[in-house]
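Heads up: the structure comes next, in structure tokens.
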Ligand SMILES: Nc1nc2c(c(=O)[nH]1)N[C@H]1C(S)=C(S)[C@@H](COP(=O)(O)OP(=O)(O)OC[C@H]3O[C@@H](n4cnc5c(=O)[nH]c(N)nc54)[C@H](O)[C@@H]3O)O[C@H]1N2
Ligand SMILES: Nc1nc2c(c(=O)[nH]1)N[C@H]1C(S)=C(S)[C@@H](COP(=O)(O)OP(=O)(O)OC[C@H]3O[C@@H](n4cnc5c(=O)[nH]c(N)nc54)[C@H](O)[C@@H]3O)O[C@H]1N2
Ligand code: SF4
Ligand SMILES: [Mo]
């Protein structure tokens, strides 16, 4: 057909950042395919890529700003929306101080170039201590541990999956998530290749997952106890004289003392993993040629997330696998947000949350504290909120409290294109363009990728008339805000807010290690290959003296504090864990028929023995209850979850009044985070406890 063109694009729906070929005709999408010439994704896409078209065509997606009135949502002009938002934020600051204005930045913001470049400076301009992001619902323990060990929260070693001989995984399900803090598009193919070249995949997860089916070994582990397992493995390696760390590593004596209580026998009683298995897996890891230990959300968002990630880093550090090809390595991104100072090195405890005294990390407070900071009266109370690309009512623990708290705000604005469980409380919603309507460069995920590449894709589709990009909304908002709050904002932030993301990426590329530019990348629309990950330590350490202290006081102390609880034998109660599905994405996209078709996926998985014990039948509706609250859910019996663990995906619970998403009743489900408890956080990091939540399952009378 005439006018048909194929343009390069990038999928922004998960961390794999797959390269796309987008067929277009005028402003329509005619096809979405994987880009075979992309040096990283090499043609791979998953079923979600096609949903980029559904996001663009989504009838529920806002195209114009709206304001909430007594009679419903009303479309307003951009200048009006910007003025109302700036007024609302500035009034709260004037009347109650800067801390009265809170912000929450959600996960899709990390996948939108414009929010990456423009949301952080705008949030800094607000000058509030009440900053919240999805990081504390996700990878915060990784940052805390990297800060302690390597001196910078973003020095996150990446498993060298394409060259490793042995991958040891805790609490991650890459076959579904497509990899996280490990950008490895086509990861199933990469795992198969690992095994075909004689390598081994060993996995610990309370559920026999889609990834478990690809593994050589899968072991159940009792939810929330992995820190005991990991520290016991480190103990075995030290005890048996198998340690072979690099010359720049100190503190193994302190590590040895800290892990001493974690004997394989005691860890076995707590974790449900046989002592002999703990010992053997540790030995196998130490003996493998090149090995990488890796863990994700199952061992991040749990009570001992920081100790888990310390244990994982220790396995790599102590065996000399850190910074070794086939082990774990730092990437060398073409735009280096660490060197450019775009990403904070991370500091902790400079201030604390008002109500519970939780420490900030990297300038953010734990999202578990958001609802109480809004709801608790007194000086310093949050009165106004700006959310950008997030849905804390469904994503943060204690969703009902968040929901109630948001209803009591003086003012709320959302940069978002959906009226969801959170944004329905906003006074004004400012909707950005859809993913394929904007230029893209992955500032974060190139940093986490298993191979160094660089790819800039100009928007494959034109934006609709009168639509603004995320960054333009934030730029205009910052200008309007500065007219009302004159002293707001540092010079550098004001400058950044005035620049386009394209200009900032160009500057970053030019200053980066390969001296690239947008012009240079334009000659390689599928991306340039910058080669496999390379050793770079100790040079790139951000620690004093360029040394790694493997046993910093914060973590050895945390291990001592937690040892009693961690090594307590299992008490027989049920523990709730999460679950993801390849055709779902956190709390959104449940309104796309193409993705949700088929059997419902929001059941509570329970082991048949646990059902029999409670006299509950498969398929029955039950009450799932915790200290925080209860929801009604449907049961699916499954021998794939270990006895004692029950699994429920998050991001459901769409049947709240006022939500304007066309989610079918059969898909609405219940929110796991109405059951998870905001009162519990990981002591050493502040991360939310979303896995390993004590629950009961009761028949509904
Ligand atoms: N129980 C439990 N809870 C969890 C988790 C779990 O495993 N278990 N996982 C946690 C994790 S890892 C994460 S990352 C969080 C996610 O939590 P959040 O980040 O709070 O929520 P999301 O569902 O990712 O955000 C979806 C919102 O972003 C908007 N959006 C999408 N694209 C864009 C865009 O380009 N620009 C703008 N401005 N908005 C956009 C959508 O319209 C939608 O409103 O959930 C956490 N919560
Ligand atoms: N299709 C799809 N892909 C996604 C997302 C999505 O919603 N859908 N979300 C994206 C986001 S925001 C993120 S952060 C990543 C997350 O990426 P992953 O962490 O790889 O994804 P999950 O499927 O949540 O895997 C966590 C695993 O931990 C297990 N687990 C739970 N509790 C414990 C425990 O105590 N110990 C151990 N050892 N395991 C435990 C769970 O059973 C689960 O299999 O995925 C990203 N990719
Ligand atoms: S794996 Fe992730 S980035 Fe690749 S197509 Fe699927 S959702 Fe998009
Ligand atoms: Mo996440």
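Taking the condition of being part of a loop (DSSP other than H, G, I, E, B) and surrounded by fewer than 18 Cβ atoms within 10 Å (Cβ to Cβ), how many residues in region 629-639 meet it?
Qualifying residue count for the region: 2.
Restricting the search to region 590-604, which residues are surrounded by fewer than 16 Cβ atoms within 10 Å (Cβ to Cβ), in contact with a helix residue (DSSP H, G or I) (Cβ under 8 Å, 6 or more places away or on another chain) and assigned to a loop (DSSP other than H, G, I, E, B)?
The answer is 600, and nothing else.
Residues being in contact with a helix residue (DSSP H, G or I) (Cβ under 9 Å, 6 or more places away or on another chain) and outside any loop (DSSP other than H, G, I, E, B): count how many of those fall in region 605-628.
Counting residues in region 605-628 that are in contact with a helix residue (DSSP H, G or I) (Cβ under 9 Å, 6 or more places away or on another chain) and outside any loop (DSSP other than H, G, I, E, B) gives 3.
When you look at residue 634, is it modelled with pLDDT of 95 or more and within 30 Å of residue 429 (Cβ to Cβ), yes or no? Before the answer, list the steps.
Details: modelled with pLDDT of 95 or more: yes; within 30 Å of residue 429 (Cβ to Cβ): no.
Here the answer is no, as residue 634 does not meet what is asked.
If only one of 386, 315, 329, 394 is under 22 Å from residue 144 (Cβ atoms), buried (at least 19 other Cβ atoms within 10 Å of the Cβ) and touching a helix residue (DSSP H, G or I) at 6+ places or on another chain (Cβ under 9 Å), which one is it?
315
Among (1) closer than 23 Å to residue 405 by Cβ; (2) buried (at least 22 other Cβ atoms within 10 Å of the Cβ), there is one condition residue 11 misses while meeting the rest; what is its number?
The failed condition is (1).
Looking for whichever is within 22 Å of the chain's Cα centre (by Cα) and away from ligand 2 (no atom under 14 Å from the Cβ) here; the options are 590, 650, 602, 654. Which one fits? Explain how you work it out, then say what you get.
Details: 590 fails: away from ligand 2 (no atom under 14 Å from the Cβ); 650 fails: away from ligand 2 (no atom under 14 Å from the Cβ); 602 fails: away from ligand 2 (no atom under 14 Å from the Cβ).
Result: 654 is the single residue among 590, 650, 602, 654 that is within 22 Å of the chain's Cα centre (by Cα) and away from ligand 2 (no atom under 14 Å from the Cβ).
Just checking, how many residues over region 498-519 are outside any loop (DSSP other than H, G, I, E, B) and out of contact with any strand residue (DSSP E or B) (no Cβ under 8 Å at 6 or more places or on another chain)? Lay out the reasoning, then the answer.
Filtering region 498-519 for residues outside any loop (DSSP other than H, G, I, E, B) gives 498, 501-511, 518-519.
Next cut, out of contact with any strand residue (DSSP E or B) (no Cβ under 8 Å at 6 or more places or on another chain) only: 498, 501-508, 510-511, 518-519.
Of the residues in that region, 13 qualify.
Filter region 682-691 down to the residues that are surrounded by fewer than 24 Cβ atoms within 10 Å (Cβ to Cβ) and in contact with a strand residue (DSSP E or B) (Cβ under 9 Å, 6 or more places away or on another chain) and list them by number.
Here is the first cut: in region 682-691, the ones surrounded by fewer than 24 Cβ atoms within 10 Å (Cβ to Cβ) are 683, 689.
If the condition is that a residue be surrounded by fewer than 24 Cβ atoms within 10 Å (Cβ to Cβ) and in contact with a strand residue (DSSP E or B) (Cβ under 9 Å, 6 or more places away or on another chain), then 689 is the only one that fits.
Please tell me if residue 256 is outside any helix (DSSP H, G or I) and either at pLDDT 95 or above or more than 16 Å from ligand 3 (Cβ to nearest atom) (or both).
no
Looking only at region 151-176, which residues are touching a strand residue (DSSP E or B) at 6+ places or on another chain (Cβ under 6 Å), part of a loop (DSSP other than H, G, I, E, B) and closer than 14 Å to residue 289 by Cβ?
160, 164
Do you know which of the residues in region 21-42 that are surrounded by 17 or more Cβ atoms within 10 Å (Cβ to Cβ) and touching a residue at least 60 places away in the same chain (Cβ under 8 Å) is nearest to residue 448 (Cα to Cα)?
Among them, the one singled out is 40.
In this structure, does residue 47 turn out to be under 25 Å from the mean Cα position of the chain (by Cα), farther than 27 Å from residue 523 by Cβ and more than 16 Å from ligand 4 (Cβ to nearest atom)?
The answer is yes for residue 47.
Given the condition within 10 Å of ligand 2 (Cβ to nearest atom) and within 22 Å of the chain's Cα centre (by Cα), answer yes or no: does some residue in region 144-163 qualify?
No.
Among 83, 91, which is the only one that is under 30 Å from residue 439 (Cβ atoms), away from ligand 4 (no atom under 16 Å from the Cβ), in the same structural domain as residue 385 (by TED's automatic domain parsing) and in contact (Cβ under 8 Å) with a residue 24 or more places away in the chain?
83 is the lone residue from the list that is under 30 Å from residue 439 (Cβ atoms), away from ligand 4 (no atom under 16 Å from the Cβ), in the same structural domain as residue 385 (by TED's automatic domain parsing) and in contact (Cβ under 8 Å) with a residue 24 or more places away in the chain.
Residue-wise test of (1) touching a helix residue (DSSP H, G or I) at 6+ places or on another chain (Cβ under 6 Å); (2) farther than 24 Å from residue 458 by Cα; (3) within 16 Å of ligand 2 (Cβ to nearest atom).
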{"position": "93", "(1), (2), (3)": "no, yes, no"}
{"position": "97", "(1), (2), (3)": "no, yes, no"}
{"position": "100", "(1), (2), (3)": "yes, yes, no"}
{"position": "104", "(1), (2), (3)": "yes, yes, yes"}
{"position": "108", "(1), (2), (3)": "no, no, yes"}
{"position": "116", "(1), (2), (3)": "no, no, yes"}
{"position": "127", "(1), (2), (3)": "yes, yes, no"}
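For a quick check of your reading: which helices (runs of 4 or more DSSP H) sit entirely within region 385-497 and have at least 1 residues that are more than 24 Å from residue 135 (Cα to Cα) and either under 20 Å from the mean Cα position of the chain (by Cα) or touching a residue at least 24 places away in the same chain (Cβ under 8 Å) (or both)?
470-484
Six or more apart or on different chains, Cβ under 6 Å: which pairs go from a residue in region 172-199 that's outside the structural domain of residue 309 (by TED's automatic domain parsing) to one that's within 16 Å of ligand 1 (Cβ to nearest atom) and assigned to a loop (DSSP other than H, G, I, E, B)? Could you list them?
Filtered contacts from region 172-199: no entries.
Would you check if residue 519 is modelled with pLDDT under 95 and more than 17 Å from residue 336 (Cα to Cα)?
no
Taking only region 246-272 into account, find how many residues are more than 22 Å from residue 557 (Cα to Cα) and touching a strand residue (DSSP E or B) at 6+ places or on another chain (Cβ under 8 Å).
Of the residues in that region, 2 qualify.
The values are calculated or read from the model by the stated rules, or taken from the named source; none is laboratory data. Keep in mind it's a predicted model, so treat the numbers as computed, not measured. When we count neighbours, we look across all protein chains shown, and the Cβ atoms used for this are built from the backbone with ideal geometry, even at glycine.
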